[in-house]
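S.K.: I'd like to ask some things about the structure below.
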Amino acid sequence: MESLVQRYHGPVLNFAARFVGRGDMAEDLAQDVFAKIIRRLDTFDERADLTTWVFAITANTCRDALRKVKRRREVLEADGPDLHVITDRTADEDVRSAPAEVVEREVRALPIRRAVAELPEPHRTVVLLRFFQDMSLKEIAEVCECSVGTIGSRLHYAIKRLKKELVGELSESGGGNDDMCEGQGPAAGA
């Protein structure tokens, strides 16, 4: 169990923070995810992919948390979602070696994080799993329990919406890099 937590804690925490848009909620959600994994470990089919199974539990836990927040009608921060990026040790080393570059990268990434946070939940899930967890469309389809075609369609819609929202903002900030959007249509990663 310890090696499972070491391997997946960072990715689960990052996914949760980006999914719910609140860093303060992410740690609690990550703990919930690992509690569910422990309770359900005996149901895991060893022929299945462990990463897919972990992220299916993570995505469902995050969705449930957002539903509860909406039901209680809690008001999120007035300035919008908390888009703090949870960093790993590599990012900490980057800050020590080249702080100006890290700050510049974070400033350029903020509009992207905001745009992703504003996507409808099914599209946000696909974008987070594809670009932040580097999952294939087939793996994402397993996590979301739908067809690869549906995932491709959601990804296509999300990229189209992100491009539309970010074109002006990224060109103004000098970060007009379109790498995220190139070659990621419905057939990519299948």
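S.K.: Of everything in the range 127-162, what is within 11 Å of the chain's Cα centre (by Cα), without any contact (Cβ under 8 Å) to a residue 40 or more places away in the chain and not in a helix (DSSP H, G or I)? Give them in sequence order.
M.R.: Asp134 - this is the single residue of the range 127-162 that is within 11 Å of the chain's Cα centre (by Cα), without any contact (Cβ under 8 Å) to a residue 40 or more places away in the chain and not in a helix (DSSP H, G or I).
S.K.: Kindly establish whether Arg47 is more than 18 Å from Met1 (Cβ to Cβ) and outside any helix (DSSP H, G or I). Reasoning before the result, please.
M.R.: Values: more than 18 Å from Met1 (Cβ to Cβ): yes; outside any helix (DSSP H, G or I): yes.
Here the answer is yes, as Arg47 does meet what is asked.
S.K.: Counting just the residues of the range 28-49 that are among the hydrophobic types (A, V, I, L, M, F, W, C) and within 21 Å of Ala141 (Cα to Cα), which one comes out nearest to the chain's Cα centre (by Cα)?
M.R.: Initial filter on the range 28-49 (among the hydrophobic types (A, V, I, L, M, F, W, C)): 29-30, 33-35, 37-38, 41, 44, 48.
Within this subset, residues satisfying the condition of being within 21 Å of Ala141 (Cα to Cα) are 33, 37, 44, 48.
Working: Val33: 15, Ile37: 19, Phe44: 23, Ala48: 22 Å.
Among those that are among the hydrophobic types (A, V, I, L, M, F, W, C) and within 21 Å of Ala141 (Cα to Cα), it is Val33.
S.K.: From the list Arg124, Arg108, Arg71, pick out the single residue that is at pLDDT below 90, in the same structural domain as Ile159 (by TED's automatic domain parsing), more than 21 Å from His9 (Cβ to Cβ) and assigned to a helix (DSSP H, G or I).
M.R.: After applying the criteria, what remains is Arg108.
S.K.: May I ask you to list the residues in the range 5-26 that are out of contact with any helix residue (DSSP H, G or I) (no Cβ under 7 Å at 6 or more places or on another chain) and in a helix (DSSP H, G or I)?
M.R.: Keep residues of the range 5-26 that are out of contact with any helix residue (DSSP H, G or I) (no Cβ under 7 Å at 6 or more places or on another chain), which gives 6-7, 10-11, 22, 24.
The answer is Gln6, Arg7, Gly10, Pro11, Asp24.
S.K.: Would you tally the residues in the range 1-27 being of a type in the set (S, T, N, Q) and either surrounded by 14 or more Cβ atoms within 10 Å (Cβ to Cβ) or within 25 Å of Lys138 (Cβ to Cβ) (or both)? Reasoning before the result, please.
M.R.: Step one: filter the range 1-27 for residues of a type in the set (S, T, N, Q), giving 3, 6, 14.
Add one more test, that the residue is either surrounded by 14 or more Cβ atoms within 10 Å (Cβ to Cβ) or within 25 Å of Lys138 (Cβ to Cβ) (or both), and what stays is 14.
Number satisfying all stated conditions: 1.
S.K.: Just give me the residues in the range 1-26 being among the charged types (D, E, K, R) and modelled with pLDDT of 90 or more, in sequence order. Walk me through it before giving the result.
M.R.: Within the range 1-26, the first condition is being among the charged types (D, E, K, R), and the residues that meet it are 2, 7, 18, 22, 24.
Answer for the range 1-26, where residues must be among the charged types (D, E, K, R) and modelled with pLDDT of 90 or more: just Arg7.
This table checks each residue for (1) surrounded by 17 or more Cβ atoms within 10 Å (Cβ to Cβ); (2) modelled with pLDDT of 85 or more.
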| residue | (1), (2) |
| --- | --- |
| Arg39 | no, yes |
| Trp53 | yes, yes |
| Ala78 | no, no |
| Thr87 | no, no |
| Ala98 | no, no |
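The values are calculated or read from the model by the stated rules, or taken from the named source; none is laboratory data. Nothing here was measured: the structure is a model prediction, and the numbers come from that model. Note: ideal-geometry Cβ built from the backbone for every residue, glycine included; neighbour counts use all protein chains shown.
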